[in-house]
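Here is the structure we will look at, set down as C-alpha cells.
Laboratory data are not the source of any read-out in this text; all were calculated from the coordinates shown. Values in this document were obtained by computation on a predicted structure and should not be read as measured data. Every residue, glycine as well, gets a Cβ built from its backbone with ideal geometry; the counts of neighbours run over all protein chains shown.
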Ligand code: NAD
C-alpha cells in the first residue's frame, strides 16, 4: 500500500498522467495533480480521486516549461502535504516535422517540457526523499527513448536524454532508499496520439480508425494500445518493495516495439 505517501504526477490532467495518478490513489497515496485544461474538468478529476479512493488530492497549475515552474510545483506539494515521496515526470508534448522544417520554438519547448522539467523536478524533490530515506522517481520516457522515428527530432532527443538522466539519477541516489527509473511506453491512445491520428487521416484521406490500426501495426508486433491504467500498474510496481533494487532502468511496455 502507498498510504501515507505523497505522489506528484506532472501532466496528470489527461492521458497517462491521469492513469498513473488514479493507480497511486487506488493504493492510498495522496496526490498532487498538475497540467493544463478547463478548470471544471480539472476539478472533476481532482474530486474523483478523493471520492473514489478516499485520499487527499490537490491541483497545482504550475507551467513546467521553466525551472521556476517546476520548483513551484514541488513547493505547492510541500506546502499542501509537507513532503514529496514519489515524483512522476510525465508532462510531455509532441511536434512532428522533418528537421529542416522543424520550428525552433517547438524544439525549445519540447526539450524544456519533456527533458529539462525532469532535471528540475529531481533536483527539487530528491533532497527530501534522501533525508527521509525513501523515494521513487519515475520518468515517463517512451519507446522513442530507445529507438528513433523520422519527423520526431526534438521528441526522440528529449526522450533519449530522459533515459540518460534516469541512469545518472539512479547511480547518484543508489544506497539512499531512492530509486529512479524510466517507463518506455509504446502507443497509448491519449490526446497526444489522437492529434497525430487526426493529422494522418487528414493527410492520407483515411479514417481515424484506419490510421489507428496502421499506426500500431507500423511499430508494434502486438497490435494493441497500452492503456493509461497499465502504465499506472507498472508505476505502482516500481513503488513496491519488490522493485527496491530496480534503478537506472528503462522499462519497456510497448507490445514488442523495441524487441525488433
Ligand atoms: P496528453 O497530451 O494526454 O497529456 C499531457 C499532459 O501534460 C497534460 O496533462 C498536459 O496538460 C500536460 N502538460 C503539457 N505541457 C505542460 C506544461 N508546460 N506544464 C505542465 N503540464 C503540461 O499526453 P500523454 O500521451 O498522456 O503523454 C504523457 C507522457 O507520456 C508524455 O511525456 C509522452 O511523451 C509520454 N508518452 C506517450 C505515449 C503515447 O502513446 N501516448 C507513448 C510514450 C510516451
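For the chain, modelled as a GNM with alpha-carbon contacts under 10 angstrom, which of 219, 38, 56 fluctuates the most?
In the Gaussian network model the winner is 38.
Using the per-residue mean of other Cβ atoms lying within 10 Å as a proxy for protection, in what order, highest first, do the peptides 233-246, 84-97, 180-193 fall?
Details: 233-246: 15.9, 84-97: 23.5, 180-193: 21.6.
The densest-packed peptide leads the list: 84-97, 180-193, 233-246.
Sort 21-33, 248-260 for me by packing, meaning the mean count of neighbouring Cβ atoms within 10 Å per residue, highest on top. Display every interim value, and only then the final one.
On the way: 21-33: 24.4, 248-260: 17.6.
Per-residue mean Cβ counts within 10 Å order the peptides as 21-33, 248-260.
Sticking with the crude label model, points 7 Å out along Cα→Cβ, report the distance from residue 171 to residue 214 in nm, one decimal please.
Each label point lies 7 Å from its Cα, and together they span 4.3 nm.
Against the longest alpha carbon principal axis of the chain, how many degrees, from 0 to 90 and to the nearest 10, is the axis of helix 15-26 turned?
For helix 15-26, the angle is close to 30 degrees.
Go through 164-176, 8-20 and give me the packing order, highest mean Cβ count within 10 Å leading.
Working: 164-176: 16.6, 8-20: 26.1.
The peptides rank, most packed first, as 8-20, 164-176.
Once both axes come from the Cα atoms, what is the angle between helix 117-132 and the longest principal axis of the chain, in degrees from 0 to 90, rounded to 10?
Once rounded, one gets 20 degrees.
Between the stretch 69-116 and the stretch 177-221, how far is it from one alpha carbon centroid to the other, in angstrom?
So the separation of the two Cα centres works out to 20 Å.
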